[in-house]
1. Tell me the relative contact order for chain C as a rounded percent, counting alpha carbon contacts under 8 Å between residues six or more apart.
2. What does the charge add up to near A:Glu187, with Lys and Arg as +1, Asp and Glu as -1, over the other residues with Cβ less than 14 Å from its Cβ?
3. In region B:119-138, whose amide N lies under 18 Å from the spot 7 Å out along Cα-to-Cβ of B:Leu245? List them in ranges.
4. Grab the other residues whose beta carbon is less than 14 angstrom from that of C:Asn103, score K and R as +1, D and E as -1, and report the net.
5. Give me the extension gain from C:Thr100 to C:Glu67: residue separation times 0.36 nm, minus the current Cα-Cα distance, reported in nm with one decimal.
6. What does the extension gain come out to for B:Met213 and B:Ser269, with contour length at 0.36 nm per residue minus their alpha carbon separation?
7. Rounded to the nearest 0.05, what FRET efficiency do B:Leu300 and A:Arg329 give with R0 = 60 Å and r taken as the Cβ-Cβ distance? Could you check?
8. Under a GNM of chain B (C-alpha, springs under 10 Å), which listed residue has the highest mean-square fluctuation: B:Val121, B:Val168, B:Val274?
Amino acid sequence: MSTPLLNVTGLKKSFDLSQPFLNRLFSGDERKFVHAVDGVDFSIERGTTLSLVGESGCGKSTVAKLLMGLTHPSDGNMRFDGNELAGMSAGDPPDVRRRMQMIFQDPFASLNPRWRVARIIAEPMKSFGTHPDPSERRKEVDRLLEFVGLSAADGEKFPHEFSGGQRQRISIARAISTKPEFLVCDEPTSALDVSVQAQILNLMRELQRELGLTYLFITHDLAVVNYISDYIGVMYLGRLVELAPAEQIFAAPQHPYTRLLLETVPDITMAHRDMERPAGEVPNPITPPMGCHFNPRCPLATDRCRTEKPEFLPYGSSRVRCHAVQEGRADQAVLREDL
Amino acid sequence: MTTSTLSRLYDSDIAWNFRHSWMARISTVTLLLLFAAALFAPLLATQNPYDISQLFLLDSELPPSWVEGGDPRYLLGTDQQARDLYSSILYGLRLSLIVGFASVVLAAGLGISLGLIGGFVGGMVDGAIMRVADILLSFPAILVALLVNGVARGILPPDQHADAAIWVMILAIGLTNWVQYARTVRGSTMVERRKEYVQAARINGVSGMGIMMHHILPNVLGPVLVIATINLGMAVLTEATLSFLGVGMPATQPSLGTLIRIGNEYLFSGVWWVVIFPSVVLVILVLAVNLLGDWLRDALNPKLR
Amino acid sequence: MTLLTVENLTVAFPGRRGTVNAIEDVTLSVSPGEILGMVGESGAGKSMTGAAIIGLIEPPGGITQGEIRLEGDRIDNLRPEAMRRIRGRKIGAIFQDPLTSLNPVLTVGEQLIETIQTHLKLSKADARERAIDWLRRVGIPAPEARIDTYPHQYSGGMRQRVVIALALCAEPRLVIADEPTTALDVSVQAQIIALLRRLARETGVAVILVTHDMGVIAETADRVAVMYAGRIVEVGSVAEVLTAPKHPYTSGLMASIPRIGPRPDVLAQIEGAMPRPNARPEGCAFAPRCPHKMDICLQQRPKLEGSEEKSVACHLIEEVSV
């Protein structure tokens, strides 16, 4: 096995939600922290796609921001091709950051509305100095526009003249303009309509094949994940609960939360299932449950689950954070009783 | 490029809105007339009211030309120093507008810079800027202006007071008005700062200064334009108030406010025209500016369209 | 007997570049107890159709053609006062964001009781009884205790349950649910879908479920109307439309949805994007993206034709049947 392009170990990020010191002094409140990312380990091989899935508040987008330097980790390491990124700001060091780019969720907010498209796409090349000559830069912009399925003339237009899908193409053109090796894609299709989503997903697969890109794909949509990923990591309240090859997640999900997610995806082929079960909701991340975060919703929870945090241990070809799986209780158990 | 920008402007919603709003068009025409009158005052005026050699004391306190006892040379009559009121108003308008525009530019420049820095940098810097703004807001604007005026008069030798008056006014009014800009720009900056296009710029190693100037600034200027317009009216009024109170433009270089003050002293002796005509011009000017500002605010607000 | 019929409904918005039709010639009907799904991309007109039925089209927009009948009576031309009485009493509404649908300064109980008393002649105590009952029916645990708490004390999924209780407590005949699960997490979305379906079955209320998510439609609706560029292009039973779509747009859409299961090498995709309302082509609005377009498609708008079971607006279908 080759060395992975990206290696993340023990990554943590907590946000301080405490009142200011003086207010705390008077109200007697304790300091409050949200552990948005609470010890995450994964690595991504060159040319492959790892998807992080989870519901809102599970910390998947924070992982993306940490990798890109948009926020700083509280603890842990992020090594990109041997370069340590923890403690480095966005865009720094330039020769490494040039090789990592990001595609954002909201195609309406990710392009500066006052800039022409050509200027938007050229910004990374200008900033990182990959194409110092303006006329060459312009030529490259035209090439990129055509590469992502737009026309060179579109460079003169403003973002509001494009549809959501076309804007996401512009975003992609900007992201690949510095010839990166690694793309972080934060829910790139969740704001798009289905028929357009397919276009963008196909384009991203094509880019991966042609340019040999490595993706970290972040989404809440398991069906999208199925199409795009080689490996899948399932996150719950800041922790990875299962990490496995894509086929395995779908064929043999281990963690009870992964199973719950798979079961609840609305499916166009399975009409009128009865799904009204007491499966609960994601708890408040400020006060996560003790032990395993998933225990209040888990049909397999025991006293051990309620007190002891499970470790992230290898299980077959995957890794799982679950006492029940590690104790061998998960296989036979019926996940949840029907009403 | 220029033609495409121009045609884009003509085709824009704002331009369309403007062509379909009689209020906007009337205020704009009125303002353009007033600006032209101020700009070409030396050509339009029948005398230079600042030049004492052109004044004839015998002609003092003449009523408007159409009133009995009026003199056809003095259209709107004269004041007690025999200055032609029509010419004085043109020159006074000029001074009022200079003070108004200059103080708006000063206030906007100061407010935009501080608001942008505060909103973008945040933390202690932001706290310091906004506390100063809060303190300033807790004083009536006129009091701050009086204070600046008083300090300036204390520092400058008396013989320079008249010459420096206009600068002192601009400074006084500018310093009291920047807070609004700073607050608005700070708020919009904090919204824009979180948007993904700013994150994209950060990822690509664009400096904080570059992000502020090239990304955020163009996106926060819309509301500033509205404030600046309405503020022009406020600035002209503040100038008039200060001059009316006698701490603004001196009687030898009367602005609209000074003229009203002078007229006010003679109002009860039956000399009504000295106070009425400058007041009417002031009201029309401020009204037109405010109507235009209101229209601009509505036109820029997508929710009202 | 049908509960609601909409015929040839057109909603238009006058604008600076002429009048733009948000929806055109929409015809549909809903029976009691039925869940009709309305599916389409953003801007297809599905929400606008719902808004027209509850009389909540923002001026200067308005209905320019067609009629809406509820239990045989026209409701599209009522004065605002009369329409307000119908809203709530006969037609309830559930919107996407549960937080904005609830008043943050009133307790959940106060809001429910107020709604119940506005529409039903009940004493305060009886109304409270009924409010608690409704909270229990929508699956709120310990409703006796939770009735006196405020909306912000509920989680997102529980809040949407309260909104559903609020929409149903005046016992309306029809509920318009506009993207009721879009703001929720997947695992919660499934619970809300199932709840809606159970309540429709229990109370006999008809539901118009507006969503962009085919999966939600498949799991919830009995019939589905597919909208494209302001028109219904295909309508029929969920099983018919989803498994054997006739309109090229519906079949393209179905093929482009990624699924769990065997992974295709390339997702089927429809080229291009839906035209904006002010730039719809002469003939069939889907023609520029259609793999089967014919000359007639560019000139003439196809009519929605077919049986009760299934109607399609496509020249291709007419060709075949002729």
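1. So the answer I get is 20 percent.
2. With Lys, Arg at +1 and Asp, Glu at -1, the neighbours total -4.
3. Correct set: B:136-138.
4. -2
5. 8.9 nm
6. The span from B:Met213 to B:Ser269 would gain 14.4 nm if fully extended.
7. Numbers: r = 63 Å, r/R0 = 1.04.
Efficiency at R0 = 60 Å is approximately 0.45.
8. The residue with the greatest mean-square fluctuation here is B:Val121.
Throughout, read-outs are computed from the coordinates displayed, never taken from laboratory work. In this text the structure is predicted, and so the values were computed from the model without any measurement. So basically every Cβ, Gly included, is an ideal-geometry build from the backbone, and we count neighbours across all protein chains shown.
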